[in-house]
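The values are calculated or read from the model by the stated rules, or taken from the named source; none is laboratory data. Predicted model only: the values in this text are computed from it and were never measured. All Cβ positions, even for glycine, are placed from backbone atoms using ideal geometry, and neighbour counts span all protein chains on display.
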Amino acid sequence: MKYQDSAEMYIKTIYQLQQEHGHVHITDIAKALKVTKPSATKAADVLKSRGLIEKEGYGPVLLTQEGVLLAEKIMIRHNIIAMYLEKVLNLDADEVEENACRMEHVVTEHMIEAMAKAVK
């Protein structure tokens, strides 16, 4: 997984955890992504330096406005890809989720637009 892919997975995970629980801590992120707490902390430091999250000490992790916008963009891409894989290719739910998670980081905007047209 490339650096950008990893950063996007962290942003998406933080977004989803915030939606589900209202708050997110490093341990939640590490558990969701199946990584160590030090790895999640290091990633959070990078995201903070890029202005995508706010985090103080051992407090909760919060997406900034820029982080929320990026997460929403990733989620839209994911949902379009998932619909395409399900409706056009007739893949089962497990196959759809696994592939949509991988593809959301690498497909071009043109391909996303084509997939969106195909499922409408």
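A compact table of results
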item: Which numbered condition Q19 misses (of (1) assigned to a loop (DSSP other than H, G, I, E, B); (2) within 18 Å of L69 (Cβ to Cβ)); result: (1)
item: Residue satisfying condition, being touching a residue at least 12 places away in the same chain (Cβ under 8 Å) and either crowded, with 19+ Cβ neighbours inside 10 Å or of a type outside the set (A, V, I, L, M, F, W, C) (or both), within set A43, A32; result: A43
item: Scan of the range 32-69 for residues that are among the charged types (D, E, K, R) and farther than 15 Å from Q18 by Cβ, ordered by number; result: K34, K37, K42, D45, K48, R50, E56
item: Listing of helices (runs of 4 or more DSSP H) fully contained in the range 36-120 that carry 3 or more residues being of a type in the set (G, A, S); result: 37-49, 65-87, 109-119
item: Conditions (1) in contact (Cβ under 8 Å) with a residue 12 or more places away in the chain; (2) crowded, with 16+ Cβ neighbours inside 10 Å; (3) not assigned by TED's automatic domain parsing to the domain that holds I11: number failed by L91; result: (1)
item: Those residues of the range 50-108 which are of a type in the set (G, A, S) and over 14 Å from the mean Cα position of the chain (by Cα), in sequence order; result: G51, G57, G59, A93
